[in-house]
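Single-structure report; data block below.
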Amino acid sequence: MNATLGVIGGGVMGEALISRLLAEQKFTPDTIWVSDPQASRRHYLQQTYGLQTTDDNQAVAAEADILLLAVKPQVLDTVADSLSSDVLSGTPLLLSILAGVPLDRLTRRFPGWSVIRAMPNTPATVGAGMTALALGRDISPEHQQQARLVFESVGEVIEVPETLMDAVTALSGSGPGYMALVIEALADGGVAAGLPRATALQLAIQTVKGTAELLQQTNWHPGVLKDRVTSPGGTTIAGVAELEAAGLRSALIEAVGAAYRRSRELGQS
Ligand SMILES: NC(=O)c1ccc[n+]([C@@H]2O[C@H](COP(=O)([O-])OP(=O)(O)OC[C@H]3O[C@@H](n4cnc5c(N)ncnc54)[C@H](OP(=O)(O)O)[C@@H]3O)[C@@H](O)[C@H]2O)c1
């Protein structure tokens with residue numbers, strides 16, 4: 001991309017995006033600047049990726065056409081306060097991945113900038129993420145394209161109105177936590193049925209991953225797949241009947257609902 005990328009906060013998510021953007025040659029190392037307070041972190045990023053690193057947020061923001069804000073949400077004001085009014089009156093594209101921080105707060109802290117709020121999830125760290133984007137006001141098609149390109153480097157991207165961000169957080173943001181429980185429980189079931197632990201975990205992970213890929217590639221409704229794998233009087237329908245009796249579906253629906261309500265509460269606090 002013919003632009004300079006600044007990253008404020010070179011932690012887990014900042015590195016995930018940087019590593020994929022470089023691997024896919026969307027940026028070259030000389031066009032990426034990262035600021036982070038930890039000297040050891042800066043040294044690691046510089047040595048691993050050949051980037052420019054600094055502890056000076058101002059220097060990074062001044063260089064950037066696209067500025068990725070990848071700090072914890074509670075550090076937002078510290079970061080904004082560390083930027084001079086000169087930098088704040090520029091017009092770069094700000095991409096914020098700060099969970100729960102709304103566009104209007106970002107726009108107040110970075111007046112004049114094009115602001116896009118993004119909600120990636122943890123599988124982004126291995127390039128299998130799901131990111132939802134909520135565009136601020138008056139975003140140009142070029143900035144919209146640049147934002148998509150950045151987050152497509154770590155997985156799939158959708159655009160939603162900001163009012164849906166709490167629902168996105170409750171499903172794809174928190175979903176890896178739900179799926180980790182499902183996989184662990186499946187493996188426990190395998191162990192109870194006599195499988196060695198490592199074998200059970202391998203079977204559980206690949207089964208969940210393979211099922212998701214099958215649904216994605218075929219576009220089948222999940223109910224179609226369930227019907228295809230439940231033969232009359234067979235093993236799968238016996239297992240499905242237990243899951244229904246235990247309320248698996250309503251537990252997952254309620255989990256997303258609880259996470260949605262919590263996300264709204266946190267956004268208002
Ligand atoms: N990880 C995920 O899966 C995920 C998913 C969706 C959204 N997010 C969002 O992504 C953001 C970053 O999460 P993360 O998991 O990458 O966190 P992280 O690993 O803690 O990274 C944040 C980095 O920012 C640095 N930092 C702290 N204060 C700073 C300052 N004033 N200026 C510049 N850098 C500063 C931190 O350094 P210190 O360690 O020294 O404080 C750390 O290296 C969060 O807002 C989170 O809500 C993360």
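The values are calculated or read from the model by the stated rules, or taken from the named source; none is laboratory data. Quantities reported herein were computed from a predicted structural model and do not represent experimental measurements. Note: ideal-geometry Cβ built from the backbone for every residue, glycine included; neighbour counts use all protein chains shown.
Structure data summary
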quantity: Any chance TYR260 is surrounded by 11 or more Cβ atoms within 10 Å (Cβ to Cβ) and in contact with an Asp or Glu (Cβ under 8 Å, 6 or more places away or on another chain); calculated: yes
quantity: Some residue of segment 154-165 being surrounded by 14 or more Cβ atoms within 10 Å (Cβ to Cβ), in contact with a Pro (Cβ under 9 Å, 6 or more places away or on another chain) and not hydrophobic (A, V, I, L, M, F, W, C); calculated: yes
quantity: The one condition in (1) touching a Leu at 6+ places or on another chain (Cβ under 7 Å); (2) more than 22 Å from GLU254 (Cβ to Cβ) that ALA238 fails to fulfil; calculated: (1)
quantity: 2 or more residues more than 10 Å from the ligand (Cβ to nearest atom): qualifying helices (runs of 4 or more DSSP H) within segment 55-160; calculated: 57-63, 85-88, 103-109, 141-152
quantity: All positions within segment 29-38 that are surrounded by fewer than 22 Cβ atoms within 10 Å (Cβ to Cβ) and near the ligand (Cβ under 10 Å from one of its atoms); calculated: PRO37, GLN38
quantity: Residue count, segment 47-63 (criterion: among the hydroxyl-bearing types (Ser, Thr, Tyr) and loosely packed, with under 15 Cβ neighbours inside 10 Å); calculated: 1
quantity: Any chance GLY10 is assigned by TED's automatic domain parsing to the domain that holds GLY127, crowded, with 18+ Cβ neighbours inside 10 Å and either on the phi < 0 side of the Ramachandran plot or in contact with a helix residue (DSSP H, G or I) (Cβ under 9 Å, 6 or more places away or on another chain) (or both); calculated: yes
quantity: In segment 107-117, the residues that are surrounded by fewer than 22 Cβ atoms within 10 Å (Cβ to Cβ) and in contact (Cβ under 8 Å) with a residue 12 or more places away in the chain; calculated: THR107, ARG109, PRO111, GLY112, TRP113
quantity: Residue ID - nearest to the chain's Cα centre (by Cα), chosen from residues in segment 118-145 that are buried (at least 23 other Cβ atoms within 10 Å of the Cβ) and of a type in the set (S, T, N, Q); calculated: ASN121
quantity: Pairs with Cβ under 8 Å, 6+ apart, first in segment 4-26 and under 16 Å from MET130 (Cα atoms), second among the charged types (D, E, K, R) and at pLDDT 95 or above; calculated: GLY14/ASP36
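Let's see how each residue does on (1) assigned to a helix (DSSP H, G or I); (2) more than 10 Å from the ligand (Cβ to nearest atom):
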residue: ASN2; (1), (2): no, yes
residue: GLY6; (1), (2): no, yes
residue: MET13; (1), (2): yes, no
residue: SER19; (1), (2): yes, yes
residue: LEU22; (1), (2): yes, yes
residue: ARG41; (1), (2): yes, no
residue: GLN46; (1), (2): yes, yes
